[in-house]
Amino acid sequence: MKILLSNSSSEPIYEQIARQVRAQIIAGELEEGGLLPSIRALARDLQISVITTKRAYEELEKEGLIDTVGGKGTFVAAQNPAFLREKRMKAVEEKLLAAVAEARLLGVGPDELGDMLRLLYEEEES
């Protein structure tokens, strides 16, 4: 599990951790049933407070992304494929919204933006 923390970010550290773990689960980088580092081990590795890592794990558990089993550890929860697809689609929409906002600032219209998107999509398929 890869987590990079930024001290200069306005985002709290526990949210940075939760966001990155969430993204890895949604992307399939952390597989269903996979064992996550213990709260203490993660805190030690990231050189942060145990309370911070505990809060991040609590957020992920509330979302149903991870499960903690007493005495055994914390695992990536079983995910509904439709739910995962919806989460991934939401991530795509957010990125497209950012692209649309940038295009508007540059005066790029929907037709031109659509052409750009189609071209990029076709390049990736090649």
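The values are calculated or read from the model by the stated rules, or taken from the named source; none is laboratory data. These figures come from a predicted structure and were not determined experimentally. As a convention, Cβ positions derive from the backbone with ideal geometry for all residues, glycine included, and neighbour counts pool all protein chains shown. SASA here: full protein model, heavy atoms, side chains in, ligands and nucleic acids out. Shrake-Rupley method; radii C 1.70, N 1.55, O 1.52, S 1.80 Å.
Quick one: would you say Ala103 is loosely packed, with under 14 Cβ neighbours inside 10 Å, at negative phi, part of a helix (DSSP H, G or I) and over 13 Å from the mean Cα position of the chain (by Cα)? No, not satisfied. Considering the conditions (1) part of a loop (DSSP other than H, G, I, E, B); (2) in contact with a strand residue (DSSP E or B) (Cβ under 8 Å, 6 or more places away or on another chain), Asn7 is excluded by exactly one of them, (2).
The residues of segment 78-92 that are open to solvent by 70 Å² or more (accessible area, probe 1.4 Å) and either modelled with pLDDT of 95 or more or closer than 15 Å to Ala27 by Cβ (or both), listed by number, are Pro81, Phe83, Arg85, Glu86, Arg88, Met89, Lys90, Val92. Among the residues of segment 11-31, are any exposed (fewer than 12 other Cβ atoms within 10 Å of the Cβ), part of a helix (DSSP H, G or I) and in contact with a helix residue (DSSP H, G or I) (Cβ under 7 Å, 6 or more places away or on another chain)? There is no residue in segment 11-31 that is exposed (fewer than 12 other Cβ atoms within 10 Å of the Cβ), part of a helix (DSSP H, G or I) and in contact with a helix residue (DSSP H, G or I) (Cβ under 7 Å, 6 or more places away or on another chain). Among the conditions (1) modelled with pLDDT of 95 or more; (2) open to solvent by 70 Å² or more (accessible area, probe 1.4 Å); (3) not in a helix (DSSP H, G or I), the only one that Phe75 does not satisfy is (2). For segment 40-88, a residue qualifies if it is within 19 Å of Ser6 (Cα to Cα) and β-branched (Val, Ile, Thr), and the qualifying residues are Ile48, Val50, Ile51, Thr52, Thr53.
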